[in-house]
Amino acid sequence: MLIILKENYTPDQLDKIKNMVEKHQCEPVVLKGKFSDTINVLGDDTKLDVNLFRQLEGVEEVIRISSPFRLASRKYKKEDTIIKVKNAVFGPNHFVIMGGPCAVESEHQTLTIARAVKKAGALVLRGGAYKARTSPYSFHGLAEEGLKILAHAREETGLPVITEALDQRSLDLVYKYTDIIQIGTRNMQNFALLRDVSKLDKPVMLKRGMSATIDEWLMAAEYILAGGNRNVLLCERGIRSFDAKYTRNVIDLGAIPVVKDLTHLPVVVDPSHGSGRKENVIPMSLASLAVGAHSILVDVHHDAEAALCDGQQALTPPDFEGLINKCEELGKAMKISIRGEKNR
Ligand code: PEP
Ligand code: MN
């Protein structure tokens, strides 16, 4: 149940409403809104009498949403959520291209790639300082040193940064350095971590679990929204199927219009991890734009053969520039800007 508060509710009225919720063994969480605040009622709210709450002073409206992801649902919020990070606008009529190395390997590597993606027209720099790897013997990232390199790249290029927080321990540091917090596919249902990022005031990009249903993905997003963080980006990064010989994962492009119908949150596609193969990245990026995604996250490396992580799926800087030009052409036909707020 959601209790929408009147614009001019008083602290006293709020206390009375919260006490009433607590009397029914539920937890009231106040969510601050641009125009009005809302109380999200957590717990088993099935026995709560909607009419009783409607009569309380300070209450504008009480709604029950049958969908299990109520705050993520379009039934709760009809308008698309727009998330702005510097010049990048994640929302309708924009297609944000994020690019950079899979992993931050060195100052030289990251700065070389950061300059190239900036020159090509990317609006956000990606790069992992904490890497979740399938093998314990693989490169696991430079940790804080990697974050410092990303911060240096941001300073030099002006590009905001997206990087992954792997666990609660790395989250504090990631928060300090990043502009967007990435939650990886393996952590989509790490509910403790989701609760932690829900308390932060930076946008979170939630990757779809590699075997997660759309409902599970949106429920995971709901954890972040329910804790009070409204700035959630959903990222489709490919799901497991029976034939991974050529394409690592199957990019579920059909999920994009479904998720856009079900929720108001912006949707990103990762064609690099989604396909595992550089030859697929440009066609799948264009398909993502065509199918309505708001953004893509692309691996780029200037020396992919020497990459410490996922070199086989990285575009070279010239190929990345070619990708941006192609997106621009397609974007023109669709009346979608890929150059961000400043250059529209
Ligand atoms: C990544 O983007 O660096 C990454 C590890 O992706 P995923 O969590 O989708 O595997
Ligand atoms: Mn990777």
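Observations on the structure shown:
- Contact order relative to length of segment 11-144, as percent, for alpha carbon pairs under 8 angstrom and 6 or more apart: 13 percent
- Descending by average beta-carbon neighbour count within 10 Å, the peptides 241-247, 146-152, 161-167 line up as 161-167, 146-152, 241-247, the highest first.
- Rounded to 5, the percent of DSSP beta bridges in the chain classed as antiparallel: 40 percent
- Of the GluC sites (Glu not before Pro) found in segment 1-106, those that fall in a DSSP loop while having at most 16 other beta-carbon atoms within 10 Å are 7, 57, 79.
- Total charge dipole magnitude, segment 154-268, about the Cα centre, Cβ charges on Lys, Arg, Asp, Glu only, Debye to nearest 20: 180 debye
- Members of 23/260; 176/245; 118/207; 16/176; 119/148 lying beyond 30 Å, as alpha-carbon distances in this model show: 23/260; 176/245; 16/176
- Under Karplus coefficients 6.51, -1.76 and 1.60, residue-wise ³J(HN,Hα) of segment 89-97 in Hz, glycine/proline x: 10, 8, x, x, 6, 10, 9, 8, 9
- Segment 216-344 - charge dipole about Cα centre, Lys and Arg +1 at Cβ, Asp and Glu -1, debye rounded to 20: 380 debye
- Extreme residue, positive dipole direction of segment 130-228, given options 226, 153, 142 (C-beta unit charges): 142
- Dividing the convex hull volume of the alpha-carbon atoms in segment 214-344 by its residue count gives 136 Å³ per residue.
- Positive-pole candidate from 104, 269, 40, dipole of the chain, charges at beta carbon: 269
- For trypsin sites (Lys or Arg not before Pro), the sites in segment 179-226 that DSSP calls loop and that have at most 13 other Cβ atoms within 10 Å are 199.
- Among 256, 282, 296, sorting on how many other beta-carbon atoms sit within 10 Å of each Cβ, with the fewest leading, yields 282, 256, 296.
- Average 1/r across all pairs of distinct alpha carbons in segment 1-126, invert it, and you get the Kirkwood radius: 17.9 Å.
- The listed peptides 119-131, 38-50, ordered by packing as a protection proxy, come out as 119-131, 38-50 (highest mean of other Cβ atoms within 10 Å first).
- In terms of its Cα atoms, the chain spans 65, 44, 43 Å along the principal axes, sorted from long to short.
- Flagged links, alpha-carbon separation over 24 Å, of 32/77; 278/335; 202/278: 278/335; 202/278
- Cα centre as origin, Lys/Arg/Asp/Glu Cβ charges: the chain dipole, Debye: 500 debye
Read-outs throughout are calculated quantities, based only on the coordinates presented, and are distinct from any laboratory measurement. Quantities reported herein were computed from a predicted structural model and do not represent experimental measurements. Glycine also receives a Cβ, built like all others from the backbone with ideal geometry; neighbour counts cover every protein chain displayed.
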